[in-house]
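The values are calculated or read from the model by the stated rules, or taken from the named source; none is laboratory data. Source: prediction; values computed, not measured. All Cβ positions, glycine included, derive from the backbone under ideal geometry; neighbour counts span all protein chains shown. Only protein heavy atoms, including side chains, enter the accessible area calculation; ligands, DNA and RNA are left aside. Shrake-Rupley method; radii C 1.70, N 1.55, O 1.52, S 1.80 Å.
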Amino acid sequence: MNVRRAPLPLFGKVLTDSWRGLLGWGAGLAAAAFLYLPLFPSISGASGMRALIGQLPPELVKTLNYDQIGTGAGYTQATLFGLLGFLLVSIAATSWGAGALGGDEESGRLELTLAHGVTRVQVAVARFCAIAAKILALSALLFVVVFLLNDSSKLEIEAGNLLGMCLLFGGVTLLTASAALLGGALTGRRIGGIAAGAAVAVLGYVFNALGNQSASLEWLHNLSPYYWAFGTSPLSSGANVTTIVVFYAISLVLAAFAAVVLRQRDIGV
Amino acid sequence: MSHGALDPSSGVRGATAPGAAIDVVDLVKQFGHNRALNGVTFRVPRGTVFGVIGPNGAGKTTIMRALLDIIRPTSGQATVLGTDSRNAGPDLRRRIGYLPGELILDGRTSGRRLLQHYADISGPVAAGHVHELAERLKLDLDRPVRKLSKGNKQKLGIVQAFMHQPELLVLDEPTSGLDPLMQQEFLRLVREAHDRGQTVFLSSHVISEIQQAADQVAILRDGRIVTINSVDELRATAIRHLRLVASGIRPTDLAALLGGLDGVTTLDCTLTPTGDTEAVATLSGDIAPFVQAISTLHLRDLVLEEPDLEESVLKLYSAPAAVTQ
């Protein structure tokens, strides 16, 4: 008689280890939505708010995407998907991606896992899939929360657009996580993953903000995953399916590259 | 029943297969400018217990990590259970139990859950076997791993390596952190594994920890094997400290008698307050000539200590010219 063995042990281990953390991130994300979105009716109706935004430096308004704040879709994108939600989930994605291989190797734990009956590719793939599952769970949570608040907060967002936005949001944060995974796999250090993940998220945000400032800087939009995701206002005008596919495809390529890199290297040196 | 779970009498799958469990030929590992392994060659026959002794940094861990395919050799070849380590897939590693020298375990979970995870990926593990090992090592499996002492973490690492009764155990400094009682229990586990036909490859920086268990001992220094001996051979060349007190003989006469013997060094003969003569010396090699020489003496006291393998190994460590295999 042998001890019963769990299916998909590597994937399952990530989830059993981190479901508490995932709940925490989910609670933070939901709190952000419940704080911001119900304020919309009072902000959109108040001429004082519009006057206030009119007095802010236009560069600041563009950086924060507050120029679209007059519609429910624009407001939701500017405050939640494009700002606080983006910040929270990008931090989570970077930390998960950096920890999955780089952090695990740096701490010395990866060595023992790899000494067991797994391949390095299996480890990388399982951990990427677990991160993707967690990011999609947070995106689904955003969908549900915004959908629930849509009527009461008078946002008038179409369900189809909301779905597209959530998929784009998941795509851009998964891209961040995959970059962090690859950075960790390349360097064998957590910091390498954090640098790569932060580069995608922060530079993407900065390039988008700079590109918003003037026509001469608009080319920076091409370098900004943030702009690829949110630049066409998907909550009001609908998401481009190709863009969604491209985000997930690039993420898969980065993860595959991470797996190949990990397979070639000496571990823990 | 699948191959990993065995009752002790049935032997381990493959244990009787011909060939070596480990066959390392001219293994070189270069880390930047540092040559960690400098042409290491040795062979561990199946079903034996093979120890590697060496000071810290000698390359013990590097050899073991190369066998597990955690690092890749710069040149040379390591064959493990008939497979080139560089082609080692999960199937090969399921047949190996590995205890890393610097054991870092996931602290967020309990010992039981951690072992279950490793059983999930490497199993199969016979039901009750983990419990039995934990019992013998007096390890509480329900405590969170991060709250375990170093010794208890080490026990968890040992259980993890032994639980699926692998054909080959690769144990890097397995006794580190264990108290003497647990060291004895660990050595019993090694002996039982040996009796079942499992092969054990283990390292230590002190020979006393593994001399009871190992059939053969390789001494490693600066990435080279200085010598491979059986423990008996090491014992034969080892140094024993001796002290004897004889009456009716002057110190100079005793010094002349003992000083002429092969292997007697650091001889010091003095007169005791009671008028006897005391001799203190170290003896290496065969003891028969010494016993013969003192048979004519009127002995009052004789102490001939256990051979000190540590001291002879340390001498090999510091030997200026390495005698490679």
Return the total of residues in region B:114-139 being part of a loop (DSSP other than H, G, I, E, B), within 8 Å of chain A (Cβ to nearest Cβ) and within 27 Å of the chain's Cα centre (by Cα).
-> 2
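Within region A:111-133, which residues are away from every other protein chain (no Cβ under 11 Å) and crowded, with 24+ Cβ neighbours inside 10 Å?
Filtering region A:111-133 down to residues away from every other protein chain (no Cβ under 11 Å) leaves A:124-125, A:127-133.
Matches in region A:111-133: A:Ala124, A:Arg127, A:Phe128, A:Ile131.
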How many residues of region B:94-104 are under 22 Å from B:Ser176 (Cα atoms), open to solvent by 10 Å² or more (accessible area, probe 1.4 Å) and within 7 Å of chain A (Cβ to nearest Cβ)? The answer is 2
Could you say which residue among B:Ala213, B:Ala193 is more than 13 Å from every other protein chain (Cβ to nearest Cβ), in a loop (DSSP other than H, G, I, E, B) and within 24 Å of B:Ser230 (Cα to Cα)?
-> B:Ala213
Got a sec? Which helices (runs of 4 or more DSSP H) wholly within region A:35-152 have at least 1 residues that are of a type in the set (A, V, I, L, M, F, W, C)?
-> A:40-45, A:47-55, A:58-63, A:72-76, A:85-98, A:109-114, A:120-152
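Of these, A:Leu136, A:Leu142, which one is touching a Gly at 6+ places or on another chain (Cβ under 9 Å), more than 14 Å from chain B (Cβ to nearest Cβ) and either within 20 Å of B:Leu68 (Cβ to Cβ) or open to solvent by 50 Å² or more (accessible area, probe 1.4 Å) (or both)?
On the way: A:Leu142 fails: either within 20 Å of B:Leu68 (Cβ to Cβ) or open to solvent by 50 Å² or more (accessible area, probe 1.4 Å) (or both).
It is A:Leu136.
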Select, from A:Leu84, A:Leu37, the only residue that is closer than 22 Å to A:Phe143 by Cα, surrounded by fewer than 19 Cβ atoms within 10 Å (Cβ to Cβ), in contact (Cβ under 8 Å) with a residue 12 or more places away in the chain and touching a Phe, Trp or Tyr at 6+ places or on another chain (Cβ under 9 Å).
-> A:Leu84
Of the residues in region A:41-76, those that are surrounded by fewer than 17 Cβ atoms within 10 Å (Cβ to Cβ) and either modelled with pLDDT under 75 or within 15 Å of A:Leu235 (Cβ to Cβ) (or both) come to A:Gly45, A:Ala46, A:Ser47, A:Gly48, A:Met49, A:Arg50, A:Asp67, A:Gly70
Of all residues in region A:223-248, which are open to solvent by 80 Å² or more (accessible area, probe 1.4 Å) and under 16 Å from the mean Cα position of the chain (by Cα)?
-> A:Trp228, A:Val245
Counting only residues that are within 18 Å of the chain's Cα centre (by Cα) and open to solvent by less than 70 Å² (accessible area, probe 1.4 Å), which one in region A:249-269 is nearest to the other protein chains (Cβ to nearest Cβ)?
-> A:Ala255
Pairs, first closer than 19 Å to A:Met165 by Cβ in region A:244-260, second open to solvent by 50 Å² or more (accessible area, probe 1.4 Å), C-beta under 7 Å, six or more apart = A:Ile244/A:Leu167
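Picking from B:Thr74, B:Thr79, which residue would you name as being more than 23 Å from B:Val200 (Cβ to Cβ), surrounded by 14 or more Cβ atoms within 10 Å (Cβ to Cβ) and in contact (Cβ under 8 Å) with a residue 40 or more places away in the chain? Steps first, please.
Values: B:Thr79 fails: more than 23 Å from B:Val200 (Cβ to Cβ).
Criteria check complete, one pass: B:Thr74.
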Odd one out for A:Ala32, checked against (1) within 14 Å of another protein chain (Cβ to nearest Cβ); (2) open to solvent by less than 20 Å² (accessible area, probe 1.4 Å) = (1)
Checklist (1) assigned to a loop (DSSP other than H, G, I, E, B); (2) within 14 Å of chain B (Cβ to nearest Cβ) applied to A:Glu156, failing item = (2)
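Quick check on region B:46-58. Is at least one of its residues within 12 Å of chain A (Cβ to nearest Cβ) and in contact with a strand residue (DSSP E or B) (Cβ under 9 Å, 6 or more places away or on another chain)? Please lay out each step first, then the result.
Within region B:46-58, the subset within 12 Å of chain A (Cβ to nearest Cβ) is none.
Among the residues of region B:46-58, not one is within 12 Å of chain A (Cβ to nearest Cβ) and in contact with a strand residue (DSSP E or B) (Cβ under 9 Å, 6 or more places away or on another chain), which makes the answer no.
Have a look at B:Leu67, B:Leu139 and point out the one that is under 16 Å from B:Gln154 (Cα atoms) and buried (at least 21 other Cβ atoms within 10 Å of the Cβ).
Numbers: B:Leu67 fails: under 16 Å from B:Gln154 (Cα atoms).
Testing whether each residue is under 16 Å from B:Gln154 (Cα atoms) and buried (at least 21 other Cβ atoms within 10 Å of the Cβ) leaves just B:Leu139.
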Is it the case that some residue within region B:83-93 is buried (at least 20 other Cβ atoms within 10 Å of the Cβ) and under 21 Å from B:Phe186 (Cβ atoms)?
-> no
Reported set for region B:114-151 where residues are free of Cβ contacts under 8 Å to residues at least 60 places away in the same chain and closer than 17 Å to B:Arg93 by Cβ is B:Leu115, B:His117, B:Tyr118, B:Ala119, B:Asp120, B:Ile121, B:Ser122
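Tell me the residue from B:Val226, B:Val280, B:Val264 that is surrounded by 14 or more Cβ atoms within 10 Å (Cβ to Cβ), farther than 25 Å from B:Pro180 by Cβ, aliphatic (A, V, I, L, M) and touching a Lys or Arg at 6+ places or on another chain (Cβ under 6 Å), please. First the steps, then the outcome.
Details: B:Val226 fails: touching a Lys or Arg at 6+ places or on another chain (Cβ under 6 Å); B:Val264 fails: touching a Lys or Arg at 6+ places or on another chain (Cβ under 6 Å).
None of the other options fit; the residue is B:Val280.
Taking the condition of being assigned to a helix (DSSP H, G or I) and more than 10 Å from every other protein chain (Cβ to nearest Cβ), how many residues in region B:68-93 meet it?
3
Just to check your reading of the model, which residue among B:Gln154, B:Gln160 is over 16 Å from B:Met64 (Cα atoms), in contact (Cβ under 8 Å) with a residue 40 or more places away in the chain and in contact with a Gly (Cβ under 6 Å, 6 or more places away or on another chain)? Walk me through it before giving the result.
Numbers: B:Gln160 fails: in contact with a Gly (Cβ under 6 Å, 6 or more places away or on another chain).
Exactly one residue qualifies, and that residue is B:Gln154.
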Exception for A:Trp219 within (1) closer than 26 Å to A:Gly102 by Cα; (2) open to solvent by 60 Å² or more (accessible area, probe 1.4 Å); (3) hydrophobic (A, V, I, L, M, F, W, C); (4) in contact with a Gly (Cβ under 8 Å, 6 or more places away or on another chain) falls at (1)
Which one of B:Glu167, B:Glu173 is open to solvent by 10 Å² or more (accessible area, probe 1.4 Å), modelled with pLDDT of 95 or more and of a type in the set (D, E, K, R)?
-> B:Glu167
